[in-house]
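The values are calculated or read from the model by the stated rules, or taken from the named source; none is laboratory data. Keep in mind that what you see is a predicted model, and the values were worked out from it rather than measured. In this analysis, Cβ positions are derived from the backbone assuming ideal geometry, glycine residues included, and neighbour counts consider all displayed protein chains.
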Amino acid sequence: MLFMPIVVPFYMENGLGMKDIMLLQGIYSITIVVLEIPSGYLADVFGRRKTLIFGSILGFSGFLCYSFSYGFWGFLVAEIILGLGQSLISGADSAILYDTLLDKKNEKEYIKYDGRITSIGNLSEAVAGIFGGFLAGISLRLPYITQTVVAFLAIPTAILLVEPARHIAMKKIYFKDILKIVRYTLYEHKGLQKNILFSALIGSATLTMAWFVQPVFLKNNIPIEGFGLLWTLLNLTVGLIAAFAYKIERRLKQRNSIIIIAVFIPLIYIAISYAGLVVSFILLFLFYAIRGFATPVLKDYINRLADSSTRATTLSIRNFIIRLNFALIGPFLGWYTDHYSLSEALFLAGTIFFTLSMLTMILFLKSLKSYIVRKSAKTKG
């Protein structure tokens, strides 16, 4: 992710405002939304490995397109290609991990291993942030060119993956089967329904903040070379916390973990809207720490309830809702930032996310209590 520390200044250098930036990311999210659930189903049908290979090829193609584009429409084509690639990867990556652990009879360690992946990914992004900042000092386009080379490496890496033996591919593809899985996940299985709604809302909040971080840097007059260092430190925070998320969750227990995530994520938005330079950065580090904890933990809660044969589709439903939420709120918040102020946009975002997180948290906790009662009754029976 060499380009991420300077993505907002790069867009602005090419004539885009926050409204255009959020619109691009909204379209990227819509692209993922359109294919998110079908791509998860394809991963369940054809295999997670094949889907990840094709997604990696599209990821490389998208960054290649970015390297030679200089305005909104060129960036739009690149974002659509990247969205197609990401839709194929998301869901399939977590599913191949969980089913591999099932093969090893070690699925209870999912949080531990997903935390390691999140940790390694964010540590890698942290290192890339330093190099990205230096490359941006030469040219804001150079991180994108270098990123194209990095993206290519995902292709041979995906080829080296091994499909879990537990995964049995479905023989035929029927659209009605996708609808059945969606209905089961979001309507019939109340535990999964509430779990996914809460997890997706928190995912939407953390995704939205990622696009506010650099405007916060700009507001505080941080030089472009400093973007890479700060981005590095933020991702180091995510990586370190994610590595120990399974231990933290075991100590806090599920209920307390959910409450902490639901309350602090949106309230930090509101706090940053009022804060000065030093406090803003402290709050950002706290936000990224909670993000590092929430990512593996919330996915594990879903995996515990999802069926192995449809796991990629189920996880894709979560990602679908995250991207749909962002596609709806992101461009609006970008427009609001351009027409009013960054502080007002952050306050508005925090208010919206706090209201929704409280609602989905209450529903989640009620379903969790009901599940515990039913499980206890079955045990006694």
Is it the case that some residue within region 59-82 is closer than 22 Å to Ser316 by Cα, modelled with pLDDT under 85 and buried (at least 23 other Cβ atoms within 10 Å of the Cβ)? no
Mind checking which pairs have a first residue in region 283-309 that is over 18 Å from Lys105 (Cα atoms) and a second that is among the aromatic types (Phe, Trp, Tyr), Cβ under 6 Å, 6 or more apart or different chains? Ile290/Phe264
Identify, from the list Tyr288, Tyr269, the residue that is within 16 Å of the chain's Cα centre (by Cα) and under 29 Å from Leu229 (Cα atoms). Tyr288
Within region 125-152, take every residue that is of a type in the set (Ser, Thr, Tyr) and touching a residue at least 12 places away in the same chain (Cβ under 8 Å) and give me the one that is surrounded by the most Cβ atoms within 10 Å (Cβ to Cβ). Tyr144
Can you name every residue in region 201-223 that is closer than 20 Å to Leu142 by Cβ and crowded, with 16+ Cβ neighbours inside 10 Å? Gln214, Phe217, Ile222
Criterion first (in contact with a helix residue (DSSP H, G or I) (Cβ under 6 Å, 6 or more places away or on another chain), in a helix (DSSP H, G or I) and under 21 Å from Phe353 (Cα atoms)) does Ala242 satisfy it? no
Scan of region 293-341 for residues that are in a loop (DSSP other than H, G, I, E, B) and either aliphatic (A, V, I, L, M) or farther than 28 Å from Leu218 by Cβ (or both), ordered by number: Ala306, Asp307
Exactly one of these conditions fails for Tyr110: (1) out of contact with any Pro (no Cβ under 9 Å at 6 or more places or on another chain); (2) over 20 Å from Ala210 (Cβ atoms). Give me its number. (1)
Being over 16 Å from Thr313 (Cβ atoms), among the polar types (S, T, N, Q) and modelled with pLDDT of 85 or more, is that true of even one residue in region 157-173? yes
Considering region 250-291 alone, what residues qualify as being touching a Leu at 6+ places or on another chain (Cβ under 8 Å) and more than 23 Å from Ala200 (Cβ to Cβ)? Ala271, Ser273, Ala275, Phe281, Phe285
Among the candidates Ile159, Ile155, Ile111, single out the residue that is in contact (Cβ under 8 Å) with a residue 12 or more places away in the chain and closer than 26 Å to Leu234 by Cα. Ile111
Tell me whether region 26-47 contains one or more residues that are in contact with a His (Cβ under 7 Å, 6 or more places away or on another chain) and either surrounded by fewer than 19 Cβ atoms within 10 Å (Cβ to Cβ) or not acidic (Asp, Glu) (or both). yes
Got at least one residue in region 271-282 being small (Gly, Ala, Ser) and within 17 Å of Phe353 (Cα to Cα)? yes
Filtering region 10-19 down to residues that are part of a helix (DSSP H, G or I) and touching a helix residue (DSSP H, G or I) at 6+ places or on another chain (Cβ under 6 Å), which residue is nearest to Leu82 (Cα to Cα)? Tyr11
Provide a single number: the residues in region 272-281 that are surrounded by fewer than 22 Cβ atoms within 10 Å (Cβ to Cβ) and within 22 Å of the chain's Cα centre (by Cα). 1
